[in-house]
Amino acid sequence: MTGCAAAGGEQGDVERLYVEAIGGDPPMLNPQFTSNPITQRVAHSMLEPLVGITGDLELFPVLAEEWEFSDDNQQVTFSLREGVTWHDGEPFTAEDVKFNFEEILPFDVVGAALAERVVAVETPDDHTVVVDLDGEYGPLLETLATQFMLPKHVYEGTDFLTNPANLAPVGTGPLVFDSFTSGEEVVVVKNENWWKGPTEVDRAVFKVIGDTNARALALFSGELDLSTVPPSQQDEVEANPDTEQLVDGYFPVWMYVSMNTRSGPLADPAVRGLVYSAIDRERITEIALKGMGTPATSFIPPAMDWAVHPDIDFDELFPLDIDAINEGLDEAGYPVQGDGTRFTLDVRAITGIVDIDPAIEIMRSTMETVGIRLNVVTGVNAVYTESVFTQHDFDLSIQRSTLGADPSLGITHWFTCNPDSVAGRNPTGMCDEQIDAAAEAALTAADRDVRAQHLYDLQERAAELIFHAPIAWSLATHQTINTSRWQGMDNPDRAAGTIDWGGMTWVG
């Protein structure tokens, strides 16, 4: 599929090319209709939100220059940036924003929860949008920072999910869709009419490279400007003067454990606490993550410090004290049997995740010292998802995921009741009224101090029940750059998980 845009602005005969590796084909190029991370990554070059957010969770204006809340926090007025055009030349206006609130947000996992609370969207002029809610909504701006604006004139009156623009986006961003060749690459080219002024990038290629080692070699050779490099190869990154791993500019990522509470030893919260205590979080961080992260000591990452419970410390609540764990398991009614074990736990994980595999091996070693045998069952993502979230065929699930822009948009979903067994949410079978009430109260309050207190309540109860918890805050998925052609890719003030297209400087 090829678009009509052409690259421009080349200096002499030198094309200023940016090349990034992606692990496979994106299922589409519209992130409003899929949560696929490859789609999200590529789409950031073409599509833009009203509000941006950095990896440090600081908000900044994008297509909305300003916003103002009413005194009761149930109305917000957006002042839109003037002079913005879609890639096809049509003007970006308040009608586009109204269309997105009313028609597009309900299709997005995060946007749908906000869309349910919108009672009216008014457009007093082409550059003003007034949104009325049915009550306070704490993470409103953080939600909008993950919602890309789509053009009303392209989508209105069509089947949104099959619209051709899902594979050839029309956006307002710095780069314009050019082509998508399945199994090979997605190509985007410079938007000469970008409202911030043209980027120095003439053409960007998102190149499909499925093999981890091949990606790393291409990065080290300078063929790629950016790629993910596994922890096992970070020594080579450090030794190469042109490469460095990006530390800032991403939403928090956790490596976590979920425990199936439905039956067996893990139905007992005391046993769950002892099992969690037997996970050597420090060794996993040091060895499995190669030091690329920090051991978790609370349910919420330091980046969301306003919501971290000040009196919850996993090192105190769940210490790695082998003698105490053994004694506790004896008291819980699980003595060591003739084969040297107390019981066996089935551990589910996705095949081939380079930091998860060694983490499980470290867990296996420690668990053996307290008489717990781990039976590790791995499978491709679809098998893992079916086993854990649909069939609930697991005792422990070990995985990592991105936590999003706000505790209410990611973290709380792993603790609240999930009766419909929705994938990517609490799979443990735990359904607690106190946790659900605290999560809802945090979601529906605008004042951050009030929200924090409700999240403290959630964490206190989660510590009592201990059915889902982080093992480490991981940097392993953060990408690595080669700076031989471009400078500015490491700008920490860029939108989370993106490239600062406007701040890159060609040096190649």
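Assorted remarks:
- Set side by side, the residues Ile312, Ile300 differ, and just one is assigned by TED's automatic domain parsing to the domain that holds Ile411, in contact (Cβ under 8 Å) with a residue 40 or more places away in the chain, assigned to a loop (DSSP other than H, G, I, E, B) and out of contact with any Ser or Thr (no Cβ under 6 Å at 6 or more places or on another chain), which is Ile300.
- With a requirement of 2 or more residues that are under 16 Å from Arg348 (Cα atoms), the helices (runs of 4 or more DSSP H) lying completely within the range 379-471 that satisfy it span 381-385.
- Among residues of the range 177-205, those that are within 16 Å of Glu15 (Cβ to Cβ) and hydroxyl-bearing (Ser, Thr, Tyr), counted: 2
- Across the range 286-340, the qualifying residues are those that are β-branched (Val, Ile, Thr) and more than 30 Å from Thr228 (Cα to Cα), and the one among them that is surrounded by the most Cβ atoms within 10 Å (Cβ to Cβ) is Ile325.
- Residue match in the range 257-266 (condition: surrounded by fewer than 16 Cβ atoms within 10 Å (Cβ to Cβ), closer than 24 Å to Tyr456 by Cα and touching a Phe, Trp or Tyr at 6+ places or on another chain (Cβ under 8 Å)): no
- Residue in the range 426-442 that is hydrophobic (A, V, I, L, M, F, W, C) and in contact with a Gly (Cβ under 9 Å, 6 or more places away or on another chain) present: yes
- Checked against the criteria, Gly429 does not count as among the small types (Gly, Ala, Ser), under 30 Å from Ile362 (Cβ atoms) and surrounded by fewer than 17 Cβ atoms within 10 Å (Cβ to Cβ).
- Scanning the range 60-90 for residues that are exposed (fewer than 14 other Cβ atoms within 10 Å of the Cβ) and in contact with a strand residue (DSSP E or B) (Cβ under 8 Å, 6 or more places away or on another chain) yields Phe60, Glu65, Glu66, Glu68, Ser70.
- Some residue of the range 90-106 being within 19 Å of the chain's Cα centre (by Cα) and closer than 23 Å to Pro174 by Cα: yes
- Filter result (part of a helix (DSSP H, G or I), in contact (Cβ under 8 Å) with a residue 60 or more places away in the chain and either touching a strand residue (DSSP E or B) at 6+ places or on another chain (Cβ under 7 Å) or within 13 Å of Tyr276 (Cα to Cα) (or both)) within the range 315-361: Leu317, Ile356, Ala359
- Leu133 vs. criteria farther than 27 Å from Trp194 by Cα and of a type outside the set (Asp, Glu): yes
- Qualifying positions in the range 420-437 - within 23 Å of the chain's Cα centre (by Cα) and touching a residue at least 12 places away in the same chain (Cβ under 8 Å): Ser421, Val422, Ala423, Gly424, Arg425, Asn426, Pro427, Thr428, Ile435, Asp436
The values are calculated or read from the model by the stated rules, or taken from the named source; none is laboratory data. This is a predicted model, so every value here is computed, not measured. Note that each Cβ is placed from the backbone with ideal geometry, even for glycine, and that neighbours are counted across all protein chains shown.
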